[in-house]
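Notes for the one structure printed next.
No lab work stands behind these numbers, since they all come straight from the coordinates. Note that the coordinates shown come from a computational prediction; the quantities given were computed from them, not determined experimentally. When we count neighbours, we look across all protein chains shown, and the Cβ atoms used for this are built from the backbone with ideal geometry, even at glycine.
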Amino acid sequence: MGVKRSKAERVAGRGDDVLPGQLELVPGGGGTRKRASEKVVVPVARSPRNAAAEVVEEPAVEAAPAPAPRQKRRATAEQMASKQREISISEFFTKNRHLLGFDNPSKALLTTIKEAVDNSLDACEEAGILPEITIEVHDLGFEQAGKADSELTKGEGRFRVVIEDNGPGIVKEQAPKIFGKLLYGSKFHRLKQSRGQQGIGISAAAMYGQLTTGQPIAVTSRTGKGKPTHYFEIQIDTRKNNPVVTRDDKLAEWHQEHGTRVELEIVANWQQGQRFVNRYVEHTALANPHATVHYVRPKQQRLSFPRATDELPKEAAEIKPHPHGVELGSLMLMAAESKSHDVKGFLTSAFSRVSPMVADEILKRTGWKKKVRPRDLAEDRDLAEGLQKAIQATKIMAPPTNCLSPIGDALMKKGLVSFLSVIETEGPEEDQQLDLDQAAKKKASKKEKQARAEAPLVPDAPPEEGVEKIKGHNYFIATVTRPPKVYRGNPFQVEVGLAYGGSWPADKSIELFRFANRVPLLFQRGACGVTEAVVKTDWRNYLLSQPKNSLPVGPMALLVHIASVWVPFTSESKEAVAHYPEIIREIQLAAQECGRKLAAHIRKRQHADYEAKRRSLFELYIEEVAQALGKITGKSPLPIKRDLVKVAREVTATELEEQDRELEEASEKTSRRPRRRSDEEAE
């Protein structure tokens with residue numbers, strides 16, 4: 001029941017109308033309530049005759065929520081615009097140096113050495129000089145201690161990296177820009193095989209040294225005999241991506257007639273990074289048999305890899321872009337920069353393999369009814385798109401391949417032999433064939449000596465084809481160079497070589513050596529297209545065991561080299577090759593060809609082992625048979641034994657010839673088998 005009030009009380013003020021326990025509704029207050037759990041009491045007017053006032057109870061009305069307060073703006077468009085500025089490439093890579101291979105101190109050590117060595121090899125080859133490169137790594141903490149029995153720096157520390165070459169040198173005006181400006185070089189805009197591509201490497205190494213130690217890069221260079229030697233200390237202004245020369249001296253003497261010496265002080269981890277550097281030096285000597293590499297390590301003897309040949313690699317020629325590999329935006333930009341008066345002249349002068357006849361065929365496919373100039377293509381996207389479609393629809397000869405410089409079969413084999421000669425340890429001497437019963441025999445009689453003298457000499461077996469003996473170990477070496485192919489209009493060529501046997505472990509996965517333009521790829525093996533191609537190859541056809549989706553198992557090292565005017569790396573650090581189907585297919589074909597040579601060698605070795613095993617069974621009884629026949633006939637047992645051994649060899653040889661024919665037939669069936677679906681998809 002409600003509380004009854006008199007009329008006087010009801011007409012009283014607003015504050016008096018609200019009794020305890022009731023809600024007060026504030027006019028204009030948006031329905032704000034003081035108690036949500038109470039009921040609203042509304043007085044009801046009655047006629048004057050009704051003296052008593054009655055109060056009617058009504059259910060509570062849910063009030064609407066109050067509007068959120070308006071938030072204050074944090075920044076205006078003008079304020080944000082005032083903070084925007086251009087970012088230099090140096091600033092970007094200062095914060096993102098992991099993109100260039102400077103992830104950690106151990107990896108940064110390898111990247112610094114690699115970038116400097118790549119520049120040295122490129123410069124020597126372009127100048128026609130047989131490279132002689134010295135790589136030095138100095139532990140500054142160890143050297144400052146000055147004690148021979150002190151330990152090397154454990155973990156991170158300061159190291160000085162020195163790379164010296166006998167190349168053509170660098171002119172004084174260009175040295176600051178080469179070492180102190182990112183994205184500056186001569187290789188980016190040309191289609192020609194080279195190790196460097198982007199103009200970032202050595203200047204990025206200088207930037208890393210400057211960031212970690214505050215020290216500038218030191219460069220000593222001389223361009224020829226009788227010319228001055230210049231010494232520079234260069235830093236990078238990362239705000240503007242410009243070099244800052246802090247020292248410029250002219251040296252009175254230098255031991256090199258021409259060449260360059262680069263010194264960088266960096267924070268590195270030799271304890272963890274030395275195995276990568278060691279492997280890089282070994283693989284560089286392997287892929288560059290024309291180079292001599294000297295390697296100086298902390299607290300170790302100097303190691304030298306002599307050149308295996310005095311022949312320089314074939315000089316790669318610069319070519320023009322192929323029209324099938326040019327995209328729409330690049331086509332419009334090239335048209336804008338063209339000096340030709342018509343599109344036909346533009347096509348024949350700007351692209352390779354476009355003759356006047358091919359240009360006429362392309363223009364005929366466009367369907368243009370009016371004369372079009374290259375400038376019109378740059379301004380009208382529809383015209384440029386029509387020309388690009390006509391180019392793609394026209395059959396054009398593949399680009400020239402004189403822009404490539406592969407290692408070659410002969411030099412690849414020499415490189416493998418030289419590489420194995422340096423890294424291989426001395427193997428055991430040849431086992432001498434001893435007669436175990438000889439010590440228990442009496443001295444030979446005169447008749448036996450006479451029979452030995454009259455016996456014909458048996459010449460040594462000729463060395464097996466493809467087998468090299470290196471420090472007491474026998475290695476089978478095979479190489480294959482595929483003909484050049486094209487991906488996205490860029491020529492490329494694949495080479496594969498293998499070394500089987502020797503001291504390689506037979507129960508572990510093979511060693512896979514990956515190279516791109518003669519540069520070793522040591523990281524991201526699982527993310528590389530080269531690894532995918534080798535894993536997809538069925539090595540069981542070539543008498544090697546292979547787990548599913550893994551590298552084959554056996555005593556083998558496999559070398560895969562890709563030569564191209566533009567290697568499709570997966571990142572700027574150039575550690576893995578992208579998975580282009582054309583490249584993967586070519587690697588598979590080269591690996592299969594090498595595999596067939598390997599299978600033939602393994603079968604020969606198996607046959608030789610089988611023959612020796614079968615002959616040993618005969619020889620177990622030949623001695624006794626010869627002795628018995630000698631007693632019966634009264635003749636010396638040695639000629640009888642020799643004749644019996646000859647018969648045993650003829651018998652086992654006949655059996656092996658039959659087995660060889662059976663294996664050859666099986667091999668031909670394997671090579672003629674239908675291709676798997678995965679192989680077709682790889683294309």
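Which ordering of Tyr580, Tyr475 is given by a fewest-first count of other beta-carbon atoms within 10 Å?
So the residues, fewest neighbours to most, are Tyr580, Tyr475.
Which residues among the range 204-233 fall inside the zone where the amide N is under 19 Å from a point 7 Å beyond the Cα of Gln144, along Cα→Cβ?
209-218
Along the Cα→Cβ direction, 7 angstrom out, place labels at Ala578 and Lys320. What is the inter-label distance in nm?
The modelled label-to-label distance comes out at 2.5 nm.
Can you tell me the FRET efficiency between Ala608 and Ser421 if r is taken as the Cβ-Cβ distance and R0 is 30 Å, rounded to the nearest 0.05?
Given R0 = 30 Å and the Cβ-Cβ separation, E is 0.75.
Any chance you could run the full-extension gain for Asn549 through Glu151? It's 0.36 nm times the residue separation minus the Cα-Cα distance, nm to one decimal.
That works out to 138.9 nm of additional length.
For a quick check: with amide H placed at 1.01 Å from N, whose amide H comes under 5 Å from Asn517's, ignoring anything fewer than 5 positions away on the same chain?
When sequence neighbours closer than 5 places are left aside, the close amide H contacts are Ile562, Ala563, Ser564.
Gain in length, Tyr231 to Lys371, computed as 0.36 nm per residue apart minus the alpha-carbon separation, to one decimal in nm?
44.6 nm
Okay, which of the range 101-131 sit inside 19 Å, backbone N to the point 7 Å along the Cα-Cβ direction of Thr213?
Counting only backbone N, you get 101-118.
If R₀ is 35 angstrom, what is the calculated FRET efficiency for the pair Arg525 and Glu361, using the beta carbon separation as r and rounding to 0.05?
Plugging the Cβ-Cβ distance into 1/(1 + (r/R0)^6) gives 0.20.
Starting from the Cα of Ser186, step 7 Å along the direction of its Cβ; do the same at Ala506; then give the gap between the two resulting points in nm.
Spacing of the two 7 Å Cα→Cβ label points: 5.3 nm.
Sort the range 323-393 into rounded, prolate or oblate with this rule: let a ≥ b ≥ c be the square roots of the eigenvalues of the Cα gyration tensor; rounded if a/c is under 1.5, and if a/c is not under 1.5, prolate when a/b is larger than b/c, oblate otherwise.
rounded
Taking other Cβ within 10 Å of each residue's Cβ, how do Met334, Met397, Met357, Met556 sort, fewest first?
Final ranking by Cβ density, sparse to dense: Met357, Met397, Met334, Met556.
Would you mind giving the average projected area, over all directions, of the Cα convex hull of the range 162-231 in nm² with one decimal?
5.5 nm²
Net charge near Val530, counting Lys/Arg +1 and Asp/Glu -1 over other residues with Cβ under 12 Å of its Cβ?
For residues surrounding Val530, the net value is -1.
If you add up the charges near Ile200, with Lys and Arg at +1 and Asp and Glu at -1, over every other residue whose beta carbon is less than 9 angstrom from its beta carbon, what do you get?
Computed value for this residue: -2.
At a 10 Å Cβ-Cβ cut-off, how would you order Ser503, Ser418, fewest neighbours first?
Listing Ser503, Ser418 from fewest to most nearby Cβ atoms yields Ser503, Ser418.
Using a ≥ b ≥ c from the Cα gyration tensor of the range 90-305 (square roots of the eigenvalues), is it rounded, prolate or oblate, where a/c under 1.5 gives rounded and otherwise the larger of a/b and b/c decides, a/b for prolate?
rounded
If I take R0 = 22 Å and measure r between the Cβ atoms of Asn402 and Arg482 in this structure, what FRET efficiency does the formula 1/(1 + (r/R0)^6) give, to the nearest 0.05?
After rounding to 0.05, the efficiency reads 0.85.
Under 10 °C and 1.306 mPa s, how fast does the range 193-294 diffuse according to Stokes-Einstein, given a Kirkwood radius computed over C-alpha pairs? Answer in µm²/s, whole number.
D, rounded to a whole number, is 99 µm²/s.
Modelled label-to-label distance, Lys469 and Val625, 7 Å Cα→beta-carbon offset: nm?
3.2 nm
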